[in-house]
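See structure below.
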Amino acid sequence: MTRVLLDANVIISALLFPGSTPDQVVRLVLDEYELVLTDWIIEELRAVVLRKRPDLLPHLEEFLAGIDPVIASVGTSTVSISDPAHQPILDAALSGEVDVLVSGDKHFLSLVLDRLNIVTARAFLDSHTEGRGF
């Protein structure tokens, strides 16, 4: 089964905008793919929601309680990202044998890797809809 790591920005956008492209991607991944997260992403989700939209914290906690993701450990990789704050996500994606990383972050999207597809939520949804898959 294809393993998909969702960046925190995709999940937060899904919470903020029900029915949006990120929301559709989250639902699709939960239904048809193997969701991969890291403890680092989960903590980032909580921190960002608490700081920017504390009213959404109960919704986030409900979401987290209702999923059963693979938790990838943050290993180390030989690939670097231009924003060191996002290195743990890249390292986890590579060490956790993730097939697709869905993110809106330009630092991820500028990377071209052989083994890991890095795409926006729109590109992920379009690829699935068109039957190209990953």
Number of positions in the stretch 79-105 that are within 11 Å of the chain's Cα centre (by Cα) and open to solvent by 40 Å² or more (accessible area, probe 1.4 Å): 1
Residue count, the stretch 9-27 (criterion: surrounded by fewer than 17 Cβ atoms within 10 Å (Cβ to Cβ) and either in contact (Cβ under 8 Å) with a residue 24 or more places away in the chain or charged (D, E, K, R) (or both)): 2
Residue list for the stretch 112-124, restricted to those being assigned to a helix (DSSP H, G or I) and out of contact with any strand residue (DSSP E or B) (no Cβ under 9 Å at 6 or more places or on another chain): R122
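Residue-by-condition table, conditions (1) at pLDDT below 95; (2) under 14 Å from the mean Cα position of the chain (by Cα); (3) farther than 22 Å from D114 by Cα:
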site: I42; (1), (2), (3): no, yes, yes
site: V49; (1), (2), (3): no, no, yes
site: K52; (1), (2), (3): no, no, yes
site: P69; (1), (2), (3): no, yes, yes
site: G75; (1), (2), (3): yes, no, no
Members of the stretch 106-126 that are in contact (Cβ under 8 Å) with a residue 40 or more places away in the chain, open to solvent by less than 30 Å² (accessible area, probe 1.4 Å) and not small (G, A, S): F108, F124, L125
In the stretch 28-62, the residues that are among the hydrophobic types (A, V, I, L, M, F, W, C), open to solvent by 10 Å² or more (accessible area, probe 1.4 Å) and closer than 25 Å to G131 by Cα: L28, L30, L35
Which listed residue, of E32, E130, E62, is within 17 Å of A8 (Cβ to Cβ) and acidic (D, E): E62
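The values are calculated or read from the model by the stated rules, or taken from the named source; none is laboratory data. Note that the structure is a prediction, hence the values are computed from the model and not measured. Neighbour counts run over all protein chains shown; Cβ positions are idealised from the backbone, glycine included. Side chains included, ligands, DNA and RNA excluded: accessible areas come from the protein's heavy atoms. Shrake-Rupley method; radii C 1.70, N 1.55, O 1.52, S 1.80 Å.
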